[in-house]
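Worksheet: the structure to be examined is printed underneath.
Only the coordinates and a few stated rules stand behind these numbers; no lab work does. Note that the structure is a prediction, hence the values are computed from the model and not measured. Backbone-built Cβ (ideal geometry, glycine too); neighbour counts: all protein chains shown.
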Amino acid sequence: MSNVPQDRLYARSHEWVRELADGTIELGITDHAQHALGDLVFVEVPEVGREVAAGGACAVVESVKAASDVYSPIAGTVVAVNEQLAAAPEQINQDPYGAGWIMRLKATAPLAGAGLLSPAEYASVLASN
Amino acid sequence: MALRTPLYDLHVALGARMVDFGGWDMPVAYGSQIEEHHAVRTKAGIFDVSHMCVCDLHGQRVREFLRHLLANDVNRLQQSGKALYSCMLNEAGGVIDDLIVYYMNEQWFRLVVNAGTRTKDLAWIRPRAAEFDVRVEERSDLAMLAIQGPEARDRLVGLLSSEDGAAALQLGNFFGAEFADWFIARTGYTGEDGFEVMVPADTAADLWSRLNEQGVVSCGLGARDTLRLEAGMNLYGNDMDENTHPLESGLAWTVAFEPADRNFIGRAALEKIRAAGVALKQVGLLLAERAVMRQHQPVVVDGVAAGEITSGTFSPTLSRSIALARVPRTAGDTVQVDIRGRLHAARVVKPPFVRHGKALVAL
């Protein structure tokens, strides 16, 4: 079964976000998403400084099987991207909630109002699929 | 409900991710499909191909029938156990299926056809076979396993008696032979050496587990697809179908126009196409940039979207995207591929991309 850690929030489109100590928001794709995609071979990350809209495509993850957009569940500015993914996209398969993070955002509004799912809510979305 | 092979329970127990493939519930990967791919290129892997349809043809006129049914000429088969790859065409020259035919003896040939085409193939074959008094026997009592890779033959032979093992190792390329109730053939779909083995369905799971114990890695359809594409082998439904003919699909080498008096189904149509000039050709494509070519993406030649990717993927051996495409015959050394709205330059290369673990194209 898919791993759904308790320390972050989720989007229905299978991204996770969590607030770091410095107030920035880290974003990645869930264990369910990486498993469904299979082995990742390319990750296209945005430029640092780019503005992303809530619900807007902000990255592309490409597996042997298919390319998929990654959507940011929140509006904000990209402040960092995971440079290691260029050489080691498999980090997303191996550690989707840790070394496989994709980008960090400075959010324009608090997470609370973003309509995100709690871990329990996301787990029930997965269970009902 | 989806169809299941005799190995279904074992796949699930091994943790495979199961997907629908031509109506069959099949393993796409057990863990990492890229690791499974590399296992076949460097050691040995095992695939469940029991969803494919094994079909025995019996009768005094079976050779005559197959010379009519198939675009390749079974008169190329003169030694018992020898196999031949062929297309089965409709009257318009379109490809109904591609298949392997084994010559067992003068009254018995064996066909292996694709899973997704089983029903229409049998509906095509049966009435025509009847005209030649040929009996068609579907062998759903058999399971088929493909054991592929540089170490594959040794691993399987390790499970046979020393006498049978020695005989199996003597099998030439594209030859098969019966060993009691097993049929072992030196064929495959990966570009590596190996065997395809047909065994009684109820013994397949045990054979699989014993091969796992020998270090042979369980491999799913995901790795099978990247391996066959690196090997430059067509996939029915992607690279050719009933609306395309062999001459524009990289399969002209499988059409035996000689002898001229052999009247196979589709011959008249292909001769007309050939006389008029074949407008399209199949090529291999290699992408330099970090993107992946996929089936149905447009191929731009001289500024015009005149071609199409028929199969595209990421090549684990080359760490680049590779594809088979159908393009105008006039296409030169480079083309452009429209990948998600952006044009990427691709180099035209001659498949195969990889054989026996080695890259055959310069990167």
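Using only helices, what value at 222 nm comes out for chain A when you add -39,500 (n - 2.57) per DSSP H run of length 4 or more and divide by the total residues, to the nearest 500 deg cm²/dmol?
Numbers: 3 runs with 22 residues, N = 129.
Rounded to the nearest 500, the figure is -4500 deg cm²/dmol.
Take peptide A:60-67, look around each residue's Cβ out to 10 angstrom, count Cβ atoms belonging to other protein chains, and average those counts.
Other-chain Cβ atoms within 10 Å of each residue's Cβ, averaged: 6.
To the nearest 20 debye, what charge dipole does the range B:75-131 have about its Cα centre, counting +1 at the Cβ of each Lys and Arg and -1 at the Cβ of each Asp and Glu? Walk me through the intermediate numbers first.
Values: 7 positive and 6 negative charges, 30 e Å.
It works out to roughly 140 debye.
Identify, among B:Leu10, B:Leu227, A:Leu40, the residue whose Cα sits farthest towards the positive end of the charge dipole of the protein assembly as shown, taking +1 on the Cβ of Lys and Arg and -1 on the Cβ of Asp and Glu, with the dipole about the Cα centre.
B:Leu227
Could you give me the ³J(HN,Hα) list for the range B:47-59, computed from phi with Karplus coefficients 6.51, -1.76, 1.60 and θ = phi - 60°, whole Hz, x at Gly and Pro?
For the range B:47-59, the Karplus-derived couplings read 10, 8, 10, 5, 6, 5, 9, 8, 9, 9, 10, 10, x Hz, x marking Gly and Pro.
Set Lys and Arg Cβ to +1 and Asp and Glu Cβ to -1, take the dipole of the protein assembly as shown about its Cα centre, and tell me which of B:Met104, B:Leu360, B:Gly59 lies farthest positive.
Farthest along the dipole direction, towards plus: B:Leu360.
Compute, for the protein assembly as shown, the length of the dipole vector about the Cα centre, with Cβ point charges of +1 (Lys, Arg) and -1 (Asp, Glu) only. Units Debye, rounded to 20. Walk me through the intermediate numbers first.
Values: 45 positive and 61 negative charges, 228 e Å.
So the magnitude is around 1100 debye.
Please list the helices of chain B that count as membrane-span-like by this rule: a mean Kyte-Doolittle hydropathy of at least -0.5 together with Cα atoms stretching 30 Å or more along the helix axis, each helix being a complete DSSP H run.
Details: long enough: none.
In chain B, no H run is both long and hydrophobic enough.
Loop by DSSP (not H, G, I, E, B), at most 14 other beta-carbon atoms within 10 Å: where is the longest site-free stretch of chain B for GluC sites (Glu not before Pro)? Intermediate results must be reported in sequence, preceding the final value.
On the way: sites that count: B:Glu91, B:Glu106, B:Glu289.
With GluC sites (Glu not before Pro) excluded where exposed in loops, chain B gives B:107-288 as its longest stretch.
Enumerate the calculated ³J(HN,Hα) couplings along the range B:109-115 in order (Karplus 6.51 cos²θ - 1.76 cosθ + 1.60, θ = phi - 60°), each rounded to whole Hz, writing x wherever the residue is Gly or Pro.
Per residue, the Karplus-derived 3J(HN,Hα) values read 10, 10, 10, 10, 10, 5, 5 Hz.
Tally Lys and Arg at +1 and Asp and Glu at -1 over the other residues with C-beta under 10 Å from the C-beta of B:Leu145: what net charge comes out?
Details: positive: none; negative: B:Asp48, B:Glu196.
Local net charge: -2.
List every residue whose amide H lies under 5 Å from the amide H of B:Arg320, counting only residues 5 or more places away in sequence or on a different chain, with H placed 1.01 Å from N in the peptide plane.
Those qualifying (amide H under 5 Å, at least 5 residues apart or on another chain) are B:Ser315.
Using modelled amide H (1.01 Å from N, peptide plane; none on Pro or chain starts), what sits under 5 Å from the amide H of A:Phe42, excluding residues fewer than 5 places away?
A:Glu62
Quick one: B:Cys219, B:Cys87, B:Cys55, fewest Cβ neighbours within 10 Å first, how do they rank?
Numbers: B:Cys219 28, B:Cys87 25, B:Cys55 22.
Placing the least packed residue first, the sequence is B:Cys55, B:Cys87, B:Cys219.
Can you work out ³J(HN,Hα) from phi for every residue in the range B:315-327, in order, using Karplus 6.51 cos²θ - 1.76 cosθ + 1.60 and θ = phi - 60°, giving whole Hz and x for Gly and Pro?
Taking θ as phi minus 60°, the curve returns 8, x, 6, 8, 6, 9, 7, 10, 7, 9, 9, 10, 9 Hz for the range B:315-327.
Please rank B:Ile34, A:Ile92, fewest neighbouring Cβ atoms within 10 Å first, as an exposure proxy. Write out the running numbers ahead of the final one.
Numbers: B:Ile34 23, A:Ile92 26.
Taking fewest neighbouring Cβ atoms as first place, the list is B:Ile34, A:Ile92.
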